[in-house]
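Let me begin by presenting the structure, written as structure tokens, before commenting on it.
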Amino acid sequence: MNIKKQEMGDFVSLSKLIEKKSKKEHFKTSFSEEISRLNLAHEIKALRQQKKLTQKQVAEKADMPQSVIARIESGTHSVSITTLSKIARVFNKEVGLVESAQHRR
């Protein structure tokens with residue numbers, strides 16, 4: 001029995017694909033922004049859990065709907081500086097700018 005294989009192209013790992021795409025400035029910028037947004041979502045959720053607060057409790061203290069906290073923590077939505085500042089105050093934190101590691105040398 002002679003079965004022809006379908007050509008499917010070469011398998012490329014995610015890290016190789018990102019490395020290749022990162023040579024394009026637009027991709028590099030977009031990817032960096034997305035990673036930053038996801039890291040922020042993770043940090044907010046980790047702070048909330050560390051303080052043993054529910055999303056509803058954080059939302060009430062920040063004077064916003066619980067659904068906003070849920071959307072931010074899910075990593076599917078961006079957050080405004082105003083909203084971020086309200087959430088930061090709940091955790092006795094401040095919003096600020098930090099120089100990126102690549103420029104600290």
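Every number here is computed from the coordinates shown, using simple stated rules; none is lab data. Everything quoted here is computed from the prediction, not taken from an experiment. Backbone-built Cβ (ideal geometry, glycine too); neighbour counts: all protein chains shown.
Looking at the chain, do any whole DSSP H helices span at least 30 angstrom along their long axis by alpha carbon and average 1.6 or above on Kyte-Doolittle, and which?
none
Just how many pairs of Lys in the stretch 17-103 have C-alpha atoms closer than 19 Å, counting pairs that are eight or more places apart or on different chains?
15
With Cβ to Cβ distances under 11 Å as the rule, what net charge do the other residues near Ser22 carry (K, R +1; D, E -1)?
+4
Between Gln66 and Ser85, what is the label-to-label distance in nm when each label sits 7 Å out along the Cα-to-Cβ direction?
Going by the 7 Å Cα→Cβ label model, 2.7 nm.
I need to check one value: relative contact order of the chain, counting alpha carbon pairs closer than 8 Å and at least 6 residues apart, in percent. Could the numbers behind the result be given before it?
On the way: 48 pairs, mean separation 18.5, N = 105.
Dividing the mean separation by the residue count of the chain yields 18 percent.
Over the Cα atoms of the stretch 17-103, how large are the radius of gyration and the largest Cα-Cα distance (Dmax), in Å?
Cα-based Rg and Dmax for the stretch 17-103 come out at 14.9, 45 Å.
Find out how many positive minus negative residues lie around Ala41, taking Lys and Arg as positive, Asp and Glu as negative, among other residues whose Cβ is under 14 Å from that of Ala41.
0
Put +1 on the Cβ of each Lys and Arg and -1 on the Cβ of each Asp and Glu in the chain; which of Gln50, Val68, His26 then has its Cα farthest toward the positive end of the dipole?
So the residue furthest toward the plus end is Gln50.
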